[in-house]
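*Asks:* Pasting a structure here, questions to come.
The values are calculated or read from the model by the stated rules, or taken from the named source; none is laboratory data. In this text the structure is predicted, and so the values were computed from the model without any measurement. Counting neighbours? That spans all protein chains shown, and the Cβs are built from the backbone with ideal geometry, glycine included.
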Amino acid sequence: MATLTDDAIERQVEQAIGLDPRVGVFDVNIQVLRGVARLEGIVESLEAKRAAGEAAARVPGVRRVDNMLTVEDPRGLKSLDIEHAVENALENDPAVDPRDVGARVEDSVAHLVGHVDSTAEEDAAVRVASRAEGVKEIVSELDISPGRDIDWTDLKNQVVDALSTADDLIPYTIDVEVETDGRVVLSGSVATRQDCRRAVEIARQVPGAKEVVNRLQVGG
């Protein structure tokens, strides 16, 4: 298979971002150098910035995305208005339990507070909050805890079980280690990059996993 040139990758990145409805109206400058896509310009929401980065990362040939986009809200909302917008977003999305997750806003930066069961739930809260109008950045101060004392051996067994029973994952050999701070380390090998991403996603959904470190090799 022929290797894509930076110019070809750049055109595909531009198309991918333009087709993502979450980005909407945007002013994005794209440069690709040796597979590294650099995004610069202005967007109207944090969700649009994240969506542009995700769209670029999905393009074949992109090794890394440097997302330098700036979020500018043309209405200049006050912190209290933004805080209410974040709270409304959290309350109205089924992916987040508003009894467990709250927010405070300072200088357009939303600080998420409370607790969640897993890093996957933390990601969901961040995604939901990023949709709120006026938010320029999100800082997660969420405590990741399943509401009970964590036994690290039990956590490891849960991750192993989750990986071994996933119908859409065909691992070669995945080794799981859990450190005492709740970090889950995945090593070994999988068949494809998609399997690698899926393995990390599965581990992040296990209650009590505070971080997932990906050391998997593809096709090794």
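*Asks:* May I ask you to verify whether LEU169 is under 21 Å from GLU122 (Cβ atoms) and either without any contact (Cβ under 8 Å) to a residue 60 or more places away in the chain or not assigned by TED's automatic domain parsing to the domain that holds GLY114 (or both)? Quick ask: steps written out before the conclusion?
*Replies:* Details: under 21 Å from GLU122 (Cβ atoms): no; either without any contact (Cβ under 8 Å) to a residue 60 or more places away in the chain or not assigned by TED's automatic domain parsing to the domain that holds GLY114 (or both): yes.
The answer is no for LEU169.
*Asks:* OK, next. Filter the range 179-209 for residues that are among the small types (Gly, Ala, Ser) and surrounded by 21 or more Cβ atoms within 10 Å (Cβ to Cβ) and give the result. Spell out how you get there, then give the answer.
*Replies:* Here is the first cut: in the range 179-209, the ones among the small types (Gly, Ala, Ser) are 182, 187-189, 191, 199, 203, 208-209.
Scanning the range 179-209 gives ALA199, ALA203, GLY208, ALA209.
*Asks:* Further question: Please work out which one of (1) of a type outside the set (Asp, Glu); (2) modelled with pLDDT of 90 or more; (3) surrounded by fewer than 19 Cβ atoms within 10 Å (Cβ to Cβ) is the condition PRO98 fails and give its number.
*Replies:* (2)
*Asks:* Additional query: Just checking, does the range 116-138 include any residue being loosely packed, with under 15 Cβ neighbours inside 10 Å and out of contact with any Pro (no Cβ under 8 Å at 6 or more places or on another chain)? Talk me through it step by step, then tell me what you get.
*Replies:* As a first pass, look at the range 116-138 and keep what is loosely packed, with under 15 Cβ neighbours inside 10 Å: 137.
Still in the running and out of contact with any Pro (no Cβ under 8 Å at 6 or more places or on another chain): 137.
Taking every residue of the range 116-138 in turn, at least one turns out to be loosely packed, with under 15 Cβ neighbours inside 10 Å and out of contact with any Pro (no Cβ under 8 Å at 6 or more places or on another chain).
*Asks:* While we're on this one: Does LYS49 count as surrounded by 20 or more Cβ atoms within 10 Å (Cβ to Cβ), at pLDDT 85 or above and either in the same structural domain as VAL184 (by TED's automatic domain parsing) or in contact with a strand residue (DSSP E or B) (Cβ under 7 Å, 6 or more places away or on another chain) (or both)? Break it down into steps so the answer makes sense when it comes.
*Replies:* On the way: surrounded by 20 or more Cβ atoms within 10 Å (Cβ to Cβ): yes; at pLDDT 85 or above: yes; either in the same structural domain as VAL184 (by TED's automatic domain parsing) or in contact with a strand residue (DSSP E or B) (Cβ under 7 Å, 6 or more places away or on another chain) (or both): yes.
Judged against the criteria, LYS49 is a match.
*Asks:* Okay, next question. Take GLY208 and tell me if it is on the phi > 0 side of the Ramachandran plot, assigned to a strand (DSSP E or B) and either among the small types (Gly, Ala, Ser) or outside the structural domain of GLU91 (by TED's automatic domain parsing) (or both).
*Replies:* On the way: on the phi > 0 side of the Ramachandran plot: yes; assigned to a strand (DSSP E or B): no; either among the small types (Gly, Ala, Ser) or outside the structural domain of GLU91 (by TED's automatic domain parsing) (or both): yes.
No, not satisfied.
*Asks:* Which strands (runs of 3 or more DSSP E) sit wholly inside the range 109-202 and have at least 2 residues that are more than 30 Å from ARG22 (Cβ to Cβ)?
*Replies:* On the way: elements: 109-116, 137-140, 171-178, 183-190.
Strands (runs of 3 or more DSSP E) meeting the threshold: 171-178, 183-190.
*Asks:* Here's another thing I want to ask about it. Is it true that some residue in the range 22-32 is under 17 Å from the mean Cα position of the chain (by Cα) and under 22 Å from ILE138 (Cβ atoms)?
*Replies:* Of all residues in the range 22-32, those under 17 Å from the mean Cα position of the chain (by Cα) come to 22-23.
Going one step further and asking which of them are under 22 Å from ILE138 (Cβ atoms), we end up with 22-23.
Looking through the range 22-32, at least one residue is under 17 Å from the mean Cα position of the chain (by Cα) and under 22 Å from ILE138 (Cβ atoms).
*Asks:* Continuing with the same structure: When both residues are 6+ apart or on different chains and their Cβ atoms are under 7 Å apart, which pairs have a first residue that lies in the range 53-77 and is under 26 Å from ASP107 (Cα atoms), and a second that is aromatic (Phe, Trp, Tyr)?
*Replies:* That search, which allows pairs on different chains as well, returns nothing.
*Asks:* Identify, by number, the condition in (1) of a type outside the set (A, V, I, L, M); (2) under 30 Å from GLU72 (Cβ atoms); (3) more than 15 Å from the chain's Cα centre (by Cα) that ASP143 doesn't meet.
*Replies:* (2) is the only condition that ASP143 fails.
*Asks:* Check the range 11-33 and report whether any residue there is touching a Lys or Arg at 6+ places or on another chain (Cβ under 7 Å), surrounded by 12 or more Cβ atoms within 10 Å (Cβ to Cβ) and farther than 17 Å from ALA132 by Cα.
*Replies:* As a first pass, look at the range 11-33 and keep what is touching a Lys or Arg at 6+ places or on another chain (Cβ under 7 Å): 16, 31.
Now narrow it down to the ones that are surrounded by 12 or more Cβ atoms within 10 Å (Cβ to Cβ): 16, 31.
Keeping just the survivors that are farther than 17 Å from ALA132 by Cα gives 16, 31.
So far as the range 11-33 goes, yes, one or more of its residues are touching a Lys or Arg at 6+ places or on another chain (Cβ under 7 Å), surrounded by 12 or more Cβ atoms within 10 Å (Cβ to Cβ) and farther than 17 Å from ALA132 by Cα.
*Asks:* Here is a further query. Looking only at the range 95-119, which residues are under 14 Å from ALA129 (Cα atoms) and in contact (Cβ under 8 Å) with a residue 40 or more places away in the chain?
*Replies:* Scanning the range 95-119 gives a single hit, VAL101.
*Asks:* Being closer than 15 Å to GLU91 by Cα and of a type in the set (Gly, Ala, Ser) narrows it down to one of GLY134, GLY114, so name that one.
*Replies:* Details: GLY134 fails: closer than 15 Å to GLU91 by Cα.
Residue meeting the stated conditions: GLY114.
*Asks:* Right, something else. Checking LEU216 against (1) in contact (Cβ under 8 Å) with a residue 60 or more places away in the chain; (2) assigned to a strand (DSSP E or B), which test does it fail?
*Replies:* If we test LEU216 against (1) in contact (Cβ under 8 Å) with a residue 60 or more places away in the chain; (2) assigned to a strand (DSSP E or B), just (1) comes out false.
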